[in-house]
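Comments concern the structure below.
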Amino acid sequence: MAVGKSSAEVWDAYIQLWRTYYQFSPGTDQEKTWYSQSLTKLNDLGDQRRMRLLSGRVGSVPVMMWVALLGTGAITIAFSFLFGTPNATAQIIMSSGLAFTIALVMVAIIALGQPFAGITRIGPQPFEQLEAMFKHLELR
């Protein structure tokens with residue numbers, strides 16, 4: 001997902017899971033209850049997977065938003081010069097601090113715009129932990 005594509009292996013496992021559900025026929029009331037609840041959870045899983053794939057594809061900030069961000073950043077920094085101080089060093093430090101803050105916000109926007117790649121990426125660890133838990137339950 002870091003490159004914006006889904007895994008064929010994951011889709012095959014998901015399809016196999018649905019096939020298993022189609023083939024299962026609950027017999028008792030308890031099985032019907034569990035089947036109904038697990039089917040709801042399987043639908044939720046599909047919805048969450050689609051949302052995850054969609055958020056991985058979208059990933060970029062529109063050009064118009066960048067124009068607005070850069071424009072307001074430049075205006076804000078230029079505006080800081082209207083509050084000039086007699087000390088040039090203090091003015092430079094104040095304006096540099098403001099520019100640095102605006103730059104950090106833009107870096108955060110870039111980083112958060114790519115949820116499955118880069119410094120803020122979401123790793124596979126939660127899924128691997130869940131898979132290990134299911135395998136442990138299978139052994140019992």
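Just so it is clear, none of the values below were taken in a lab; they were calculated from the coordinates. Fair warning: this is a prediction, and the values are worked out from it, not measured in the lab. Using ideal geometry, Cβ is built from the backbone for each residue, glycine included, and neighbour counts are taken over all protein chains shown.
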Item to check | Separation in nanometres of the label points that stand 7 Å from Cα toward Cβ, at residue 74 and residue 44 | outcome: 4.9 nm
Checklist entry - Using r as the Cβ-Cβ distance of residue 93 and residue 61, and R0 as 25 Å, what FRET efficiency do you calculate, to the nearest 0.05? => result 0.25
Item to check | Dipole moment magnitude, nearest 20 debye, the range 11-110 about Cα centre, only Lys, Arg, Asp, Glu C-beta charged | outcome: 140 debye
